[in-house]
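What follows is a set of notes on a single structure, which appears directly below.
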Amino acid sequence: MKRIILTGDRPTGNLHLGHYVGSLRNRVLLQEEGNYDEMYVFIADTQALTDNFKNPKKVRDNIIEVALDYLSVGIDPEKVTIFIQSMIPELCELTMYYMNLVTLSRLERNPTVKEELKQKDFSNSIPVGFLNYPISQTADITAFEANVIPVGDDQLPMIEQAREIVRSFNNIYGDTLVEPSPLVSSNKFCSRLPGIDGKAKMSKSLGNCIYLKDDSETVKKKVMSMYTDPNHLRVEDPGNTKDNTVFIYLEALVTDEHFKKYLPSYKNLNELKTHYEKGGLGDVIVKRFLYDVIEDTLRPIREKRKYYENNVDLVYNILKDGSKKARTRAINTLNKVKKAMLINYFEGEKDER
Ligand code: TRP
């Protein structure tokens, strides 16, 4: 069976370190391993509009920001098709047909949707488009016959729902769609990086992110203000590394090479943790080290970003070409779907659209 990888992000803000360790870094690894037949990474503007429909400018402005973030972390348009969701109208058509296969209560039961509804406070006036987005996400996945979906933990219910829709479709209309599987990070610290304030999640609305495009000074300020162990008051006090944001970031980012380069009095993270837990190691030393580690990660990303920022036309062309290529693929699947559903009336004739 072909191995087709697909994943995407909503263009509602710049991508941050949480995206990087949870997903972007892994995408570049997958790309470099080259163990796939097709790989797609896309900007989910249609989905972003489901809860930002009153704010089209935000979505519009962040298309280019997310594209710049993708390119600057090293997603390579020669190897990966990068596209914009709304440029593929076939996704809406597929969504429409899949809607028949899902009940209202099933959508309301989706844990991710439930969580988002709580945060958004739509109260009793939930827009249909928002509730429907897991179905639209199934269209994103199945249109490309993608079977490997690299995602964070919070997206698992979406993939589960997509699998149900695929099974239901194939049961009724015959074997047509490909069932997707999620691919989650093996480093548990990576699946959800906390914010610099120690809150469960790095999130734009909480204002607790380190962005990939932050400059050195900003990163330094943010790292030095990070939440650590509130009971670690004096250097001699024993410290907690488990719920300590600085150590959680190190778990997600640090290599032994970093120790050699920036903190050679320790061999690895275990040694550093042991010292902190015993007492006698101050927060400032650990924070300075984390700053060096983050800078090591972000420096090449910033440089690449600068190049693409100076060549924005190139970026728009990448998006345009990628969208064109992706659309051809989606049309192919839509034709199969329509055939299976017996609505392929004038097949063979040129599509007039
Ligand atoms: N829901 C995803 C997010 O919020 C974005 C997304 C849209 C996606 N369609 C997708 C992810 C298809 C994987 C596959 O980040």
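Laid out as a table, the results:
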{"quantity": "Pairwise label distance in nanometres, residue 325 with residue 307, each label 7 Å out on the Cα-Cβ vector", "calculated": "1.8"}
{"quantity": "In Å², nearest 10: area of residue 289 left accessible to a 1.4 Å probe", "calculated": "0"}
{"quantity": "Gained length - residue 292 relative to residue 267, 0.36 nm times residue gap less alpha-carbon distance", "calculated": "7.4 nm"}
{"quantity": "Length gained when the stretch residue 256-residue 201 is fully extended (0.36 nm per residue, less Cα-Cα span)", "calculated": "17.2 nm"}
{"quantity": "Residues of type lysines that residue 306 reaches as a straight line, Cα spacing below 18 Å, ignoring anything fewer than 8 places off in the same chain", "calculated": "213"}
{"quantity": "Nearest-0.05 FRET efficiency for residue 341 and residue 188, computed from C-beta distance (R0 41 Å)", "calculated": "0.45"}
{"quantity": "Pairwise label distance in nanometres, residue 79 with residue 123, each label 7 Å out on the Cα-Cβ vector", "calculated": "5.1"}
{"quantity": "Unsatisfied cross-links (Cα-Cα over 32 Å) in the set 54/325; 260/320; 79/199; 120/287; 204/278; 2/188", "calculated": "260/320; 79/199; 120/287; 204/278"}
{"quantity": "Charge context of residue 208, other residues only, Cβ under 10 angstrom, K/R +1, D/E -1", "calculated": "+3"}
{"quantity": "Mean Cβ count within 10 Å, highest first, over the residues of peptides 45-54, 118-127, 304-313", "calculated": "45-54, 304-313, 118-127"}
{"quantity": "Candidates 333, 103, 245, ranked by Gaussian network fluctuation over the chain, Cα under 10 Å, top entry", "calculated": "103"}
{"quantity": "Whole-percent carbon and sulfur share, accessible surface of the chain, 1.4 Å", "calculated": "52"}
{"quantity": "Virtual spin-label span in nm between residue 37 and residue 274, 7 Å along Cα→Cβ", "calculated": "5.0"}
{"quantity": "Contour minus Cα-Cα distance for residue 170 and residue 53 (0.36 nm per residue)", "calculated": "38.8 nm"}
{"quantity": "Protection proxy ranking, peptides 8-14, 203-209, average beta carbon neighbours within 10 Å, highest first", "calculated": "8-14, 203-209"}
{"quantity": "Diffusion coefficient, µm² s⁻¹, Stokes-Einstein with Kirkwood Rh over alpha-carbon pairs of region 1-83 at 25 °C and 0.890 mPa s", "calculated": "185"}
{"quantity": "Long-range amide H partners of residue 16 with built H, under 5 Å", "calculated": "212"}
{"quantity": "Alpha carbon centroid spacing (whole Å) that separates region 1-70 from region 104-183", "calculated": "17"}
{"quantity": "Alpha-carbon gyration tensor eigenvalues x 5, square-rooted, for region 216-307, Å", "calculated": "25, 15, 10"}
{"quantity": "Summed residue charge, Cβ within 10 Å of residue 262's Cβ, Lys/Arg positive, Asp/Glu negative", "calculated": "-1"}
{"quantity": "Residue of 36, 249, 291 that the Gaussian network model of the chain assigns the largest fluctuation, springs spanning Cα pairs under 10 Å", "calculated": "36"}
{"quantity": "Among 283, 237, 69: highest mean-square fluctuation, GNM of the chain, C-alpha pairs under 10 Å", "calculated": "237"}
{"quantity": "J(HN,Hα) series, region 158-171, from Karplus relation 6.51 cos²θ - 1.76 cosθ + 1.60, nearest Hz, glycine and proline x", "calculated": "5, 5, 4, 5, 4, 4, 4, 5, 4, 4, 5, 4, 5, 5"}
{"quantity": "Region 130-143 - phi-based ³J(HN,Hα) in whole Hz, Karplus 6.51/-1.76/1.60, Gly and Pro as x", "calculated": "5, 4, 7, 5, x, 6, 4, 5, 5, 5, 3, 6, 6, 4"}
{"quantity": "Long-range tail of P(r) for the chain (Cα pairs > 27 Å, %)", "calculated": "51"}
{"quantity": "Å² per residue, accessible surface of the chain at 1.4 Å", "calculated": "50"}
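The values are calculated or read from the model by the stated rules, or taken from the named source; none is laboratory data. Worth saying up front: this structure is predicted, and the values here are computed from it rather than measured. All Cβ positions, glycine included, derive from the backbone under ideal geometry; neighbour counts span all protein chains shown. Keep in mind that these areas ignore ligands, DNA and RNA; they rest on the heavy atoms of the full protein, side chains included. Shrake-Rupley method; radii C 1.70, N 1.55, O 1.52, S 1.80 Å.
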